[in-house]
Amino acid sequence: MQYLIDGYNVTHSDPATRSCTLEEQREALVARLAARGADLLGRGPITVVFDGVAGGMTEAGRGQVVVRYAHRPETADDLIVRLVASGETTVVTDDNGLAARARVRSAVIVPSASCFEQASTRKVTGRRYRAASAGLPPGAAQITAELKKLWLEDGE
């Protein structure tokens, strides 16, 4: 599965990046996807598409993430639609017009929030999360149980 990300649609929707400069938005999104793209979206190549040209470049990237810039008169939406491979592409956007155009080409559409740091589309079934994966120290469950016991006994 390939993932095509509507870059500014995601960064303008994300509370963590919407107030940043465009350069900071691009950098934050690409860095996040390079580090956690498989956790947030799933396995497969990730291409982030932005309108405009950054420093004269048409393509850049970091790690497994490719960054493409649309050239006028082509928009980022046009480029995303052109890159859709029927039945093998997920487009990440909240743009209804882009979503409709990509669906015609058999793309799967997922919301922009899929790329937010707090998002996780991967579900763990049949097992519990390890405390360390959530940033909790060893023994956290025992500490929590002891605190609940203290608080509940004090409240009675």
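No value in this document is a laboratory result; all are computed from the given coordinates. Nothing here was measured: the structure is a model prediction, and the numbers come from that model. Here the Cβ is made from the backbone with ideal geometry for all residues, glycine too, and neighbour counts use every protein chain on show.
Here are the numbers for the structure shown:
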quantity	calculated
Theoretical FRET efficiency, 1/(1+(r/R0)^6), r = Cβ-Cβ of Val66 and Trp151, R0 41 Å, to 0.05	0.25
Distance between modelled label sites at Thr144 and Ala34, nm, 7 Å Cα→Cβ extension	3.4
Estimated FRET transfer efficiency when R0 is 22 angstrom, pair Arg103-Thr75 (beta carbons, to 0.05)	0.80
